[in-house]
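Comments concern the structure below.
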Amino acid sequence: MGNLLLSGDILYPEGLRDGWIHIEKGLIQAVSEGERPEFEGDCRHIEGVIIPGLIDLHTHMGDHLARGAVPPTLEEAVFPGGYKHRKLEQATYEDIVDSISNSIMELQPGVTEALDFREGGKVGMNALREATTKHDMRVIGLGRPARGEDITDLLELSDGLGIPSITNDLDDIRELARGDDKIFAVHASEGFRDDIDLITRLEPDLVIHMIKGTREDWNALSRESIPVAVCPRSNLAFGLDVPLDDMLDEGLRLGLGTDNSMTSVQDIFSEMKCAWNLLHRSGDRGSDPAREVFEMAAGSFIGGSRLEEMISSTTRWWEGGWPDPGDAPLLSVVRRPDDDKWKQDPFSHIVRCIGQEDLLFTGPGWTQGV
């Protein structure tokens, strides 16, 4: 990445500050408020609004190759034997590597970390690892064992397990992941309600969806500090309601995921806009929805959970120590508007008005047009 100076309005949890960040050799070297300095030599300068890197908590990047006439129901599209799995089974290894690579390029503006739920066992995980070597974005690979495959071999290749559904026989698998200090994540209560006692017994590090849960279910996960990734655009594409307002009211720790790359463009900014619309329609949250949605995308709702320790080694934005010299540059620069009206509510502007086309830089090394 070389020598880079970022300057402009830096977004902190308490608001904006004028300042600058110097990056060299892939690490933040200095952070300061006030007028930017002049550096000798070859130092690229990017000016704009500096925001924390966003986290996509749920992707299926291999699905990029399945874009086309997607079936209208969840069962036809993604259940075993459905459209998605037929496409993946027909694909070559090289097809899957290219599909994942295309998804990363699509998602990367604004996103510094993503959790990918990788089908295909060890072969699928190897394809993910090969694809990620081509890009400057951290992808956390959660494997799914293929039929007859030794799960311990898969754990050696992966960052954890991404289980597709809740069943009664997952306790041993959970213990294997825990013993290896790997992430254990489960899909639950998407098309229908799953037994909350089964979910909480497993003590997952992350639950995906939970949109068919009850208030009691959401409250149970909240009490256990288990975060939930919601994927509004994907669920809405299959006619599934996403009760974000009620889920937040029960204290759920929510993050955002773009889910199946076959249903919509993998774009965290589009996901934020969709989430904001769902919250705004309730009519009683004022301007708060934008702040809440941004915090979902910035990962603040995983703070204090086991998952926080496992997906990022740097001090995060919401903890007050961001950005720190010595950290990897998990941040982005977005184009600054021509006038200052956006400063009245920067969270609302970023969530509702910013698109990927406004991204100038995303760490560690993505820049617009490259």
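Things to note:
- Test: residue in the range 78-93 that is within 15 Å of residue 144 (Cβ to Cβ), assigned to a helix (DSSP H, G or I) and among the aliphatic types (A, V, I, L, M): yes
- Checked against (1) within 29 Å of residue 3 (Cα to Cα); (2) within 15 Å of the chain's Cα centre (by Cα), residue 302 meets all criteria but (1).
- Top-ranked residue of the range 126-148 - restricted to ones that are at pLDDT 90 or above and charged (D, E, K, R), ranked as nearest to residue 312 (Cα to Cα): 138
- Only one of the numbered conditions (1) of a type outside the set (S, T, N, Q); (2) surrounded by fewer than 20 Cβ atoms within 10 Å (Cβ to Cβ); (3) more than 29 Å from residue 162 (Cα to Cα) is violated by residue 303, and that is (3).
- Evaluation of residue 265 against (1) closer than 21 Å to residue 206 by Cα; (2) within 15 Å of the chain's Cα centre (by Cα); (3) not in a helix (DSSP H, G or I) (one fails), failing number: (1)
- Scope the range 323-370; condition buried (at least 20 other Cβ atoms within 10 Å of the Cβ), modelled with pLDDT under 90 and of a type in the set (A, V, I, L, M); matching residues: none
- Strands (runs of 3 or more DSSP E) wholly inside the range 1-71 containing at least 2 residues that are of a type in the set (D, E, K, R) and in contact (Cβ under 8 Å) with a residue 12 or more places away in the chain: 15-24, 44-52
- 1 or more residues over 24 Å from residue 97 (Cα atoms) and not acidic (Asp, Glu): qualifying strands (runs of 3 or more DSSP E) within the range 123-226: 183-188, 206-209
- Yes/no for residue 300 being in contact with a helix residue (DSSP H, G or I) (Cβ under 6 Å, 6 or more places away or on another chain) and at pLDDT below 90: yes
- For residue 76: the one exception among (1) over 23 Å from the mean Cα position of the chain (by Cα); (2) assigned by TED's automatic domain parsing to the domain that holds residue 327: (2)
The values are calculated or read from the model by the stated rules, or taken from the named source; none is laboratory data. Since the model is a prediction, treat every value here as computed from it, not as a measurement. Virtual Cβ from ideal backbone geometry, glycine too; neighbours counted across all protein chains shown.
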